[in-house]
Amino acid sequence: MILAVLFANSEGNILVERFNGVPAEERLHWRSFLVKLGAENLKGVKNEELLVASHKSVYIVYTVLGDVSVYVVGKDEYDELALAEVIFVITSAVKDVCGKLPTERLFLDKYGRICLTLDEIIWTGYLENTDKDRIRRLVRLKPPTEF
Amino acid sequence: MAQPLVKKDDDRDDEADYSPFMGIEKGAVLQEARVFNDPQLDPRRCSQVITKLLYLLNQGETFTKVEATEVFFAVTKLFQSKDIGLRRMVYVMIKELSPSADEVIIVTSSLMKDMTSKTDMYRANAIRVLCRITDGTLLTQIERYLKQAIVDKNPVVASAALVSGIHLLQTNPEIVKRWSNEVQEAVQSRAALVQFHALALLHQIRQNDRLAVNKLVSSLTKGSVRSPLAQCLLIRYTSQVIRESANTQAGDRPFYDFLEGCLRHKAEMVIFEAARAITELNGVTSRELTPAITVLQLFLSSSKPVLRFAAVRTLNKVAMTHPMAVTNCNIDMESLISDQNRSIATLAITTLLKTGNESSVDRLMKQITNFMSDIADEFKIVVVDAIRSLCLKFPLKHRSLMNFLSNILREEGGFEYKKAIVDSIVILIRDIPEAKESGLLHLCEFIEDCEFTYLSTQILHFLGIEGPKTSDPNKYIRYIYNRVHLENATVRAAAVSTLAKFGAMVDTLKPRIFVLLRRCLFDNDDEVRDRATLYLNTLGGDGTVVQTGDDVKEFLFGSLDIPLVNLENSLKNYEPSEESFDINSVPREVKTQPLAEKKAPGKKPTGLGAPPAGPPSTVDAYDKLLSSIPEFANFGKLFKSSAPVELTEAETEYAVNVVKHIFDGHVVFQYNCTNTIPEQLLENVIVIVDASEAEEFSEVASKPLRSLPYDSPGQTFVAFEKPEGIPAVGKFSNMLRFIVKEVDPSTGEAEDDGVEDEYQLEELEVVAADYMLKVGVSNFRNAWESMDADCERVDEYGLGPRESLAEAVNAVIDLLGMQPCEGTEVVPNNSRSHTCLLSGVYIGNVKVLVRLQFGLDGPKDVAMKLAVRSEDEAVSDAIHEIVASG
């Protein structure tokens, strides 16, 4: 299960947070944990270079994309490698939506489309689509090209 | 990380600073949502409002029930619009709002229409929305469409239905299970993602049917699975099948070839999954392990952090069971110590500490020193624990490891971290005699500048025990006395006690200690003054330097052999009167937790939490108790007291447990009874013991309990004679007999007349292990070789089919009741053979050592070779007899 996807700006403010199967009372804890993790480790990290951590039986893969940092949290079959795949899909789709590495402003400008993109990538905790071109079409309600 | 927002030039000033959501406020957005009700819908405007609503929800904002309902009804109006972009937003919004069952009905028909639409994308999205908001009844209505969708030609529609199926399986399993055939067909799909989703769903549907999973794995491992994600799932399911299959004969492992083949897959994800699956195989052999370790070693130097992390995490696990298999990777692992990703570096270090040999310790420590300064406390604690284990493994390296610990003790750190270091030093001092003096000095230096009162007092207590036994106790006094000047009252009081201990134990130091203690009489804290006064008076601080008597030492520093909680209760109940408080009136039995024996046998000391002289020796406490009872006074020295054995179920009217006290020619049963009924008072409580199944025992005495009020435990005893020095065994049945009197709850007074009653207790057994004391030896090999080989007896036994090797090892340890040595009671996972070393003292004070070699013979059968050495060959034979008859 992919437990969480979180986007934050460079100051650690949340831009998007989506939890699956995480009780409401634990969400705040996760949010501050992830933001702290980013603040401690993301300084000087190159765009899209992945960082990884584990907390008990849960894995976290995170990175920087322009002005925003992206975190995905998973457990069981979504271990560090599967999450690396998930975050790769997310970052390439977000870049695709923004047309380049997002600034915070650009990210917010494209907010609606980014929400739709995430909706295509993750379906309440499961990876659904992985190809950015297909995702771009699905967001516009167009069938995939290979079909 | 990227630059924060900065002004670049005037033209872009406004644009850069302006956030489309600046000052966004829930109430205002909900107002804006009224545009959804406009007869002339503006799709662009509506999409903007939905985006704002999504932004609010994604920030963790919640809508009240009324607000959510209002937005939901408004959103449903948007189905009228033909705008595609808006429709896509509507789908997301409905999912986010997750309306209640009575509201769903409004939108069902629109969604049903979309689900049967000719536009594929409408179908896919409508399925996802419907499945998110549906309940069982609606699901049966749309089931037909969902089954069709699973085998739809459009992969997006099929995936939507399959992933929906994964979710619906949790809530409506019986419906989803009916889709097996369609899902099975989808597993064969040419579309990679459809195959992945179908495989996940099919496995979930069949996960409780071992045969079906086996069939699924068999067919798919032969065919080609397109998506790497699906291949990873298949590897996981394959490992599950291997785990569950009973056939574990070497070289014959089913599906191993498939796993090994996956190591050559082009996707790294698949390679890793296969490598991990191999390392986790039950009883994996080195031949099987080698190819997996080779690919993991390659991953260690990958440019991708995720791969490095995955590899080092897996190798870290392998190092616990097969350290030798991982040593080849040590060089790659060492370069990871400087990895920017701290999780990777910590895993690398702890793995190296597990696999390193004695010669590499110094080099490793140098590398770790640089690393420690820039990691968080939680990682540091992991490293400290690993270093402690390493030091116990290579005691000769104690100097450099102890120095490392003392250096990090001086650096910044929180309480938990400092406590972990102090605990480690204490354990090393205890287990490695050569490390004692330097360790104590490190602790002394630490308390000179320690901000944690708890740690200071614990260290002072420990110094009081160990310091006087060193060659030069003099040198610790300065550190201790400094505390009296510089610290808070709690630490000062602890320091006074420690000084007094030195005074009591080391006669040459006594005059100078008295001078120091006298200075403490003017302390501004009363506890410090009181302690100083007490010690000066009892140790003879009136100027005469005499040897401190054992009784005084026992009084001042001896263990308190009554439970503190009982003492506290008795003191609370004591009413000041002419009669002074009598400590002997305090009950010695704890109510629910039995005395210290509750601690797991063989459990490692946990540092300061359990100082060696801290908990009272229970045998001493029992010895005192029994010798104070005239009937048992002539039984001689108490050999062993067992842990309490419960004779009643939990939460019954009367709670009774029994402790078996073994003497050379007698056995005494101590029944600890508790009356849990407030309205009853029990009198003349005695246990009637039927020893007809214990022929060698004959009852010689019993001591009834005069009165057993509510919730105040008491004891009654029954003593048996048995042949001297013989480990007689037998079964005893027990009946509690008493006179019960009603108690008036309002006054607490009992009635004068009572009724005799009985209460059946469980049976009790005296077994061979009761005649064995758990006494460990520090170096088993030396002890074994110093014992006469003529008194060795060796034989082999078949233990029959067993649940696991570990279970068989524990059963034999329990049967013999001996102390496992050198951690050999722990059986590594997947082992097919194991050696366990035991030590003990048999009745008659005969030392016994046992070497047990276990091996798996076939899938479950355990065979055992038992070698016994003791000071008396008859005892060696007796041990074999115990095993043969056990």
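The values are calculated or read from the model by the stated rules, or taken from the named source; none is laboratory data. Since this is a predicted model, take the numbers as computed values, not measurements. FYI the Cβ positions are ideal-geometry reconstructions off the backbone, even for glycines, and counts take in every protein chain you see. To get the accessible areas, we keep the full protein, side chains included, count just its heavy atoms, and leave off ligands, DNA and RNA. Shrake-Rupley method; radii C 1.70, N 1.55, O 1.52, S 1.80 Å.
Observations on the structure shown:
- Flag if A:E77 is open to solvent by 10 Å² or more (accessible area, probe 1.4 Å), facing another protein chain (nearest Cβ under 10 Å) and either in contact with a Cys (Cβ under 7 Å, 6 or more places away or on another chain) or not hydroxyl-bearing (S, T, Y) (or both): yes
- Evaluation of A:D133 against (1) at pLDDT 95 or above; (2) more than 9 Å from chain B (Cβ to nearest Cβ) (one fails), failing number: (1)
- Within region B:859-881, considering residues that are assigned to a loop (DSSP other than H, G, I, E, B) and within 30 Å of the chain's Cα centre (by Cα), the one surrounded by the fewest Cβ atoms within 10 Å (Cβ to Cβ): B:P859
- Condition met for B:V361 (at negative phi and surrounded by fewer than 20 Cβ atoms within 10 Å (Cβ to Cβ)): no
- Tally, over region B:37-64, of residues that are within 11 Å of chain A (Cβ to nearest Cβ) and among the acidic types (D, E): 1
Yes/no matrix, rows are residues, columns are (1) loosely packed, with under 14 Cβ neighbours inside 10 Å; (2) closer than 30 Å to B:R706 by Cα:
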residue	(1), (2)
B:I726	no, no
B:K731	no, yes
B:L736	no, yes
B:D753	yes, yes
B:Y759	no, yes
B:E765	yes, yes
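Conditions tested, residue by residue: (1) open to solvent by less than 70 Å² (accessible area, probe 1.4 Å); (2) part of a helix (DSSP H, G or I); (3) modelled with pLDDT of 50 or more.
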| position | (1), (2), (3) |
| --- | --- |
| B:Q3 | no, no, no |
| B:V6 | no, no, no |
| B:D14 | no, yes, no |
| B:S19 | yes, no, yes |
| B:I24 | yes, no, yes |
| B:V29 | yes, yes, yes |
| B:R34 | no, yes, yes |
| B:Q40 | no, no, yes |
| B:R44 | no, yes, yes |
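- The single condition among (1) of a type in the set (S, T, N, Q); (2) within 14 Å of chain A (Cβ to nearest Cβ); (3) under 20 Å from B:K65 (Cα atoms) that B:T76 does not satisfy is (2).
Residue-wise test of (1) open to solvent by 80 Å² or more (accessible area, probe 1.4 Å); (2) part of a helix (DSSP H, G or I).
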| residue | (1), (2) |
| --- | --- |
| B:I50 | no, yes |
| B:L53 | no, yes |
| B:G60 | no, no |
| B:A68 | no, yes |
| B:V71 | no, yes |
| B:K77 | yes, yes |
| B:R87 | no, yes |
| B:I94 | no, yes |
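- Just so you know, in region B:839-858 the residues that are among the small types (G, A, S) and open to solvent by 10 Å² or more (accessible area, probe 1.4 Å) include one that is farthest from B:E881 (Cα to Cα), and it is B:G858.
- Residue within region B:803-815 that is in contact with a Cys (Cβ under 8 Å, 6 or more places away or on another chain), without any contact (Cβ under 8 Å) to a residue 24 or more places away in the chain and surrounded by 14 or more Cβ atoms within 10 Å (Cβ to Cβ) present: no
- B:M121 falls short on exactly one of the conditions (1) within 14 Å of another protein chain (Cβ to nearest Cβ); (2) in a helix (DSSP H, G or I); (3) open to solvent by 70 Å² or more (accessible area, probe 1.4 Å), and that condition is (3).
- Members of region B:132-145 found to be closer than 26 Å to B:I84 by Cβ and either outside any helix (DSSP H, G or I) or open to solvent by less than 10 Å² (accessible area, probe 1.4 Å) (or both), listed by number: B:T134, B:I142
- Helices (runs of 4 or more DSSP H) wholly inside region B:146-224 containing at least 1 residues that are touching a Leu at 6+ places or on another chain (Cβ under 9 Å), away from chain A (no Cβ under 14 Å) and surrounded by 15 or more Cβ atoms within 10 Å (Cβ to Cβ): B:173-176, B:180-187, B:192-206, B:210-222
- Condition met for B:I375 (touching a residue at least 60 places away in the same chain (Cβ under 8 Å) and over 24 Å from the mean Cα position of the chain (by Cα)): no
- Contacts under 6 angstrom Cβ, first residue in region B:394-423 being farther than 18 Å from B:L353 by Cα, partner among the β-branched types (V, I, T), 6 or more apart: B:L409/B:I421; B:Y417/B:I381
- Of all residues in region B:140-162, one or more are under 22 Å from A:L127 (Cβ atoms) and under 40 Å from the mean Cα position of the chain (by Cα).
- Among the residues making up region B:443-460, those that are within 30 Å of the chain's Cα centre (by Cα) and in a helix (DSSP H, G or I) are B:L443, B:F446, B:T453, B:Y454, B:L455, B:S456, B:T457, B:Q458, B:I459, B:L460.
- Just one of the listed residues (A:V86, A:V97, A:V139) is open to solvent by less than 50 Å² (accessible area, probe 1.4 Å) and touching a strand residue (DSSP E or B) at 6+ places or on another chain (Cβ under 7 Å), and it is A:V86.
- When every residue of region B:28-36 is checked against the conditions, at least one turns out to be over 24 Å from A:K110 (Cβ atoms), in contact (Cβ under 8 Å) with a residue 24 or more places away in the chain and away from every other protein chain (no Cβ under 14 Å).
- Filtered residue count, region A:38-61, keeping only those that are open to solvent by less than 60 Å² (accessible area, probe 1.4 Å) and facing chain B (nearest Cβ under 10 Å): 14
- Failed criterion for A:G66 (all others in (1) touching a residue at least 40 places away in the same chain (Cβ under 8 Å); (2) surrounded by fewer than 21 Cβ atoms within 10 Å (Cβ to Cβ) hold): (2)
- Residues that are closer than 16 Å to B:E751 by Cβ, part of a strand (DSSP E or B) and not hydrophobic (A, V, I, L, M, F, W, C), drawn from region B:671-690: B:N675, B:Q680, B:E683, B:N684
- B:L111 vs. criteria out of contact with any helix residue (DSSP H, G or I) (no Cβ under 6 Å at 6 or more places or on another chain), more than 11 Å from chain A (Cβ to nearest Cβ), of a type outside the set (S, T, N, Q) and open to solvent by less than 40 Å² (accessible area, probe 1.4 Å): no
Residue by residue, here is whether (1) assigned to a helix (DSSP H, G or I); (2) under 18 Å from B:T51 (Cβ atoms); (3) facing chain B (nearest Cβ under 7 Å) holds:
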{"position": "A:L83", "(1), (2), (3)": "yes, no, no"}
{"position": "A:V86", "(1), (2), (3)": "yes, no, no"}
{"position": "A:K95", "(1), (2), (3)": "yes, no, no"}
{"position": "A:K100", "(1), (2), (3)": "no, no, no"}
{"position": "A:E120", "(1), (2), (3)": "yes, yes, no"}
